[in-house]
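To start, the structure itself, in structure tokens.
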Amino acid sequence: MKLKLGQYAVIGNPVEHSLSPDIHDHFAQASNVAMTYSKLFAPLDGFLPTVQDFFANGGGGLNVTVPFKLEAFEFADECDDFAIKAGAVNTLIPCDGKVLGSNTDGIGLVRDLEGRHEVGLGGARVLLLGAGGASRGVIQPLIEAGIAQLIIANRTIVNAQLLAQKFSGADKHAVPTDISAIGLSEIERSAKHLGDIDLIINSTSLGLQQGSMPFPADLVEDRVCYDMGYGGKARFAEWARANGALRAADGLGMLIEQAAESFRLWHGLHPQTDSIYHLLRNRV
Ligand code: ATR
């Protein structure tokens with residue numbers, strides 16, 4: 001395979017559902033950047049040769065999606081702090097003969113919350129549902145945005161405890177974020193004892209599954225909710241709206257903002273994101 005300069009892609013398995021080509025094509029057009037952006041399917045055991053081939057042939061940059069973000073972290077010659085804290089890479093950037101790894105997911109979440117949904121994170125008390133890869137990828141940027149409290153709630157409590165331990169003290173603020181872990185079962189009957197939570201973020205994969213949400217309705221009542229899934233996968237946001245949430249947003253904006261940050265890392269330009277947000281809003 002011989003690539004022309006300016007060729008970018010998202011690598012995944014599966015990858016055919018990805019909206020990234022639409023988003024990056026839109027950014028490129030609006031910013032006058034000459035590039036192509038395609039979907040790159042890799043066999044489950046074939047991430048490494050596929051990526052090596054892509055860069056050996058002059059590929060300009062890759063986004064990495066499920067299930068390869070951990071392998072991309074291992075593959076990158078150097079990683080920035082967000083990728084190191086996340087233990088995962090979603091953006092690969094060739095630079096001076098090396099490939100650098102970054103993780104823009106958390107920046108995407110923070111920008112969507114603060115910019116698009118006008119949720120102030122400074123001093124906020126946040127309940128994060130889930131302790132998998134998606135959760136781990138966004139904790140450092142939330143801390144850096146100045147949240148006062150983070151409660152990580154997970155079905156398997158030990159995973160939440162490990163994350164709480166990992167990120168406690170990883171904070172340069174004068175008053176560090178107070179980070180704790182609880183089991184989902186602790187909020188299954190009543191969420192009253194959680195106290196003053198300003199924002200609930202769902203990072204679990206529950207939206208992909210059938211069945212009802214394993215949370216009491218009073219969990220979301222009068223609270224701002226955010227679902228990292230989008231479109232049909234944002235079942236938590238739907239459920240939160242039906243159960244009295246103050247507001248409930250899905251993760252479409254996060255998807256677009258993380259892409260914008262990848263675009264900036266590759267091209268040095270931060271694209272305008274509102275028009276593609278409105279275009280895709282009508283599609284998902
Ligand atoms: P991702 O990379 O998308 O985060 P993951 O690492 O497999 O995927 O994590 C999935 C998350 O959804 C985990 O927090 C998982 O909880 P466990 O650690 O207990 O597995 C959570 N999750 C998945 N199915 C769930 C369910 N039916 N009820 C509650 N939590 C669930």
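Amide H contacts for Ile11 (H built 1.01 Å from N in the peptide plane; partners 5 or more residues away or on another chain; cut-off under 5 Å): Leu40, Asn63, Val64, Thr65. Most simply put, the chain has about 20% antiparallel DSSP beta bridges, counting only bridges with both residues inside it.
So if R0 is 25 Å, what FRET efficiency would Ser205 and Ala34 give, r being the distance between their Cβ atoms, rounded to the nearest 0.05? Can you show the working numbers first?
Values: r = 37 Å, r/R0 = 1.49.
Once the sixth-power term is evaluated, E becomes 0.10.
Take the Cα of Arg155, step 7 Å toward its Cβ, do the same at Ser275, and the gap between the two points is 4.3 nm. Helix 133-144 and the longest principal axis of the Cα set of the chain meet at an angle near 80°.
The distance linking the stretch 233-284 with the stretch 114-136 is 14 Å (Cα centroid to Cα centroid, whole angstrom).
Relative to the longest principal axis of the Cα atoms of the chain, helix 47-56 runs at roughly 40 degrees. Please give the helix 20-31 orientation as an angle from the longest Cα principal axis of the chain, in degrees from 0 to 90, rounded to the nearest 10. Computed tilt is about 70 degrees.
Could you work out how much longer the chain between Leu246 and Ser180 gets when fully extended? Use 0.36 nm per residue separation minus the Cα distance between them, nm to one decimal.
Details: separation 66, 0.36 × 66 = 23.76 nm, distance 2.44 nm.
Contour length minus Cα-Cα distance gives 21.3 nm.
Placing a label point 7 Å from the Cα of Val284 along the Cα-to-Cβ direction, the residues of the stretch 109-129 with a backbone N closer than 19 Å are 109-119, 129.
Taken together, the values in this text are just the output of simple stated rules run on the coordinates, not laboratory data. Just so you know, these numbers come straight off a predicted model, no measurement behind them. Using ideal geometry, Cβ is built from the backbone for each residue, glycine included, and neighbour counts are taken over all protein chains shown.
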